[in-house]
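These notes concern the structure reproduced below.
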Amino acid sequence: MKWIAPITFVLIAVAACITVIFVKALKPTSGGAFLFFAAWLVLPYAIMSAVLVLLRRKGAVSAHWYVVAALVSLGGIFFLADVIFWRPDAQGAIAVLLTPILQGGASTLLLPVASWLSQYARA
């Protein structure tokens, strides 16, 4: 468990940095638009990090929380890469704006599954 926390936090930080690079690739029309999109797209990473830190301080975090955070971080990067670079289309802008909402939904769905799988693996 000691090794999974630092790896997850590094992965979240790298994913947030890559997301900002993706925002730059979108070429927003102004500095304000860049800051808005960057802040909106980095928000899930900040929330995941804050939740993991708070749960860790309370001693209520387990390995599956870190795994879900890592999966959601990687999924967000792959989703943005798909929408922006691999298969760009007219609806790509909507998909980019929905990415944090999709990441929240993925976290909500994956946490109970990961918890169940971790209990199943222990039995």
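The values are calculated or read from the model by the stated rules, or taken from the named source; none is laboratory data. Everything quoted here is computed from the prediction, not taken from an experiment. Backbone-built Cβ (ideal geometry, glycine too); neighbour counts: all protein chains shown.
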Which of the residues that make up the range 10-31 are farther than 19 Å from PHE79 by Cα, in a helix (DSSP H, G or I) and modelled with pLDDT under 95?
GLY31
Taking the conditions exactly as written (surrounded by fewer than 16 Cβ atoms within 10 Å (Cβ to Cβ) and part of a helix (DSSP H, G or I)), does PHE79 satisfy them or not?
no
Of the candidates ALA50, ALA63, the one satisfying the condition of being small (Gly, Ala, Ser) and out of contact with any helix residue (DSSP H, G or I) (no Cβ under 6 Å at 6 or more places or on another chain) is ALA50
Has the range 37-58 got at least one residue that is farther than 15 Å from GLN103 by Cα, more than 17 Å from the chain's Cα centre (by Cα) and not in a helix (DSSP H, G or I)?
no
Restricting the range 1-25 to residues that are surrounded by 18 or more Cβ atoms within 10 Å (Cβ to Cβ) and of a type in the set (A, V, I, L, M), the residue that is farthest from the chain's Cα centre (by Cα)
VAL23
Exactly one of (1) within 19 Å of THR19 (Cα to Cα); (2) without any contact (Cβ under 8 Å) to a residue 60 or more places away in the chain; (3) surrounded by 13 or more Cβ atoms within 10 Å (Cβ to Cβ) is unmet by TRP86. Its number?
(3)
When VAL61 is run through (1) surrounded by 14 or more Cβ atoms within 10 Å (Cβ to Cβ); (2) part of a helix (DSSP H, G or I), the failure sits at (2)
